[in-house]
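Before any comments, here is the structure.
The values are calculated or read from the model by the stated rules, or taken from the named source; none is laboratory data. Keep in mind it's a predicted model, so treat the numbers as computed, not measured. Neighbour counts are summed over all protein chains in view; Cβ atoms, including those assigned to glycine, are modelled from backbone coordinates with ideal geometry. For the accessible areas, the whole protein counts, side chains as well, though only heavy atoms, and no ligand, DNA or RNA atoms are used. Shrake-Rupley method; radii C 1.70, N 1.55, O 1.52, S 1.80 Å.
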Amino acid sequence: MAEFRSLVRHTVELLRHWTTDVVVVVAVIHERPGTNAGPIMSRIMIGILMILAAIARGCTACPFCVRQQQLQQLQQQQPQPQQQPYWTIGSPRPFGVDKPTRVQEFNRTGVLHPEYQIPATIRPGNVSQFYYLSPREGPPLTLLVSPCSGPISWTVSYVEPPENDQEAEGMKSQTRWPVKTLKPGSPLFTYEGAEDQNFTIPKTRAGLYWFEIKSVESTERSPGTVLLYATSSALDHIPGLYASDKGHRHRSLRFQQRRSKRRLTVSWNKSYVDPHLSSYCLAVTSGSQLHPSTLCAAQKVLKAHPHSARTGSSSKEHHRRGIPEGLHCVRQTKLTLHKMRYDTTYNFTLYVVNTRNNVSNRVATDSIRFKRTPELMLHTGHYTTANLRKTDGFVNFRYRPPDNTSSTFHILPCGGGIVKAKLSGQGILREKEVVGYASLHVPPLPPGKTYTLRISTTPQELIRVSTIKVLATQEPSATIYPQIPHKSPPQEYRAMRTCHEVTIGVESAGTAKYCILVKELRSSSSLASVTTVPDQCGLHRRRRSEYTFEVCEEKQDPPKDKALTFTLKRLQPGKAYLLQVTAQQMGQSLSYPLLGVRTQRSCVT
């Protein structure tokens, strides 16, 4: 019994410290050595202890219980301090912390990521430092710096590893060097300016490359921005540089003016580097405002215009219906600008953007003056000549008919190109494509009214077409040129070809003097590049200077339903020739389409 009383006192003491549980009490009773209490007494004791434990848990008046509850509430109200994540390059990231972006990692460490263009902030009056870690020797390194806030000065240096024993010993146990202890060597490259500039190291050394960049403008107070790009690939990985386009003979930007609607179409060639990953930004300004050298600088000073492909138009063309000035970024290679102002000079700069790495470069600059279409007066019976190249392929002829009779306009593009003629005025609208020569017939026009004959051509045709000659006539002297059939060009009868002769046939142009001008070509392959559109201007002046010989023959009232045949002799075996057949009436000559022929190499005698 004494032992039982001792167990009870021990249990009450445990309950007083609130560490008692029913299971603990039972374990104490059953495991205490020397316990001789009987089974009945054990059950009674277990029941009493369960009742005491229940009473103890429900007790609210106990000072110790109240104190414990207050402490628990106070701990819940106090905010738990969170451990700030801290890691360095190469160290494992703490569990539950998101991986930082490349920009965040760059802002913290200043280390460039390869194959990724990243913006860097330049503080005015300070020298900003950035780094590039080359893991191994061998591959080339290209560094591209694009100023976005004016001219900058930047240098590249190679950093030697620490040389003293203490630092060298520390290198063996760690993979990072303290930045403050690093000492850059002599500069490998230095540049000062506001343009994109790249520096290529043909063979890199394993180690660290050190960038030092500062703003050149001392008056700049706000922080500037530069774009940094490092790549271990060849320089071709970067889009075409502006310098690579200077040697091209063709015009990088092509313009087609539509003055009647104040439109201008600008087109260019695809980028020769990653054309499927290239987009284009065209900067447009008017007056004397110059464009920045880099795209990121242009984005700060020019308003960006969104673009969408025009419904029903080619997928390769975009239209800008608002004001043309601004920055236009498109995926296509053609852009049509609306609301152009007459007699205004517009400046254009084209940037190419590689969507794989967001690297951009300026590839072309040009300017053009959007002029009104010049107008010339047409007088009946007199030629009027205009230089299409000086007027960008557009000219208007104003015509006021003297009499109420039908009129005919004879149009001759000098150079052998193709132009379009459009006659408009009160109650009339006629259009016609002119290939070498064409006549436009119109019914009687009311005298006293003014009509406009508009001649236009494409930039491609301007390579051949130099000037345009127009002659206006009225009945009865309207027909002054031979009626050359253009639908059926001259043909060669190859079955009659020999080593020294060829036979050709042309449709009749009526009574006229027919002449065949023969010009020997250098090789038979030259026939493939010969154009068939003749130059109708100055036919009589070119006969002796440009051709080998000439054969002429008068034809009086030839049949219209039969072809006129001509046999050319005195030719050389295996030679290629260019033939031009002309018909002359009343001193006016017109040419048939040109024809290329060749003689046989050998003949059986």
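Miscellaneous remarks
For every residue, the table says whether it meets (1) outside any strand (DSSP E or B); (2) at pLDDT 65 or above; (3) loosely packed, with under 10 Cβ neighbours inside 10 Å.
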site: Ala56; (1), (2), (3): yes, no, no
site: Ala61; (1), (2), (3): yes, no, yes
site: Val103; (1), (2), (3): yes, yes, no
site: His113; (1), (2), (3): yes, yes, no
site: Tyr116; (1), (2), (3): yes, yes, no
site: Pro124; (1), (2), (3): yes, yes, no
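- Inside segment 211-232, residues that are hydrophobic (A, V, I, L, M, F, W, C) and either open to solvent by 60 Å² or more (accessible area, probe 1.4 Å) or more than 20 Å from Glu115 (Cβ to Cβ) (or both) make up a count of 2.
- For segment 515-530, the condition of being part of a loop (DSSP other than H, G, I, E, B), β-branched (Val, Ile, Thr) and closer than 30 Å to Gly574 by Cα holds for at least one residue.
- Only one of Pro490, Pro459 that is touching a residue at least 12 places away in the same chain (Cβ under 8 Å) and crowded, with 19+ Cβ neighbours inside 10 Å: Pro490
- Checked against (1) crowded, with 19+ Cβ neighbours inside 10 Å; (2) part of a loop (DSSP other than H, G, I, E, B), Ala421 passes all but condition (2).
- Test: Ser439 is surrounded by fewer than 16 Cβ atoms within 10 Å (Cβ to Cβ) and of a type in the set (Gly, Ala, Ser): no
- Where strands (runs of 3 or more DSSP E) sit wholly within segment 319-389, those with at least 2 residues that are of a type in the set (Gly, Ala, Ser) occupy 359-370.
- Flag for Leu376 being without any contact (Cβ under 8 Å) to a residue 24 or more places away in the chain, touching a strand residue (DSSP E or B) at 6+ places or on another chain (Cβ under 8 Å) and either over 30 Å from Pro489 (Cα atoms) or among the hydrophobic types (A, V, I, L, M, F, W, C) (or both): yes
- Subset tally (residues that are open to solvent by less than 10 Å² (accessible area, probe 1.4 Å) and in a helix (DSSP H, G or I)) for segment 253-287: 1
- All positions within segment 126-156 that are assigned to a loop (DSSP other than H, G, I, E, B) and of a type in the set (A, V, I, L, M, F, W, C): Val127, Cys148
- Residue check for Pro482: outside the structural domain of Gln584 (by the TED database), under 30 Å from Val502 (Cβ atoms) and either modelled with pLDDT of 90 or more or within 43 Å of the chain's Cα centre (by Cα) (or both): no
- Hey, Leu564 closer than 16 Å to Gln491 by Cα, open to solvent by less than 40 Å² (accessible area, probe 1.4 Å) and within 46 Å of the chain's Cα centre (by Cα) or not: no
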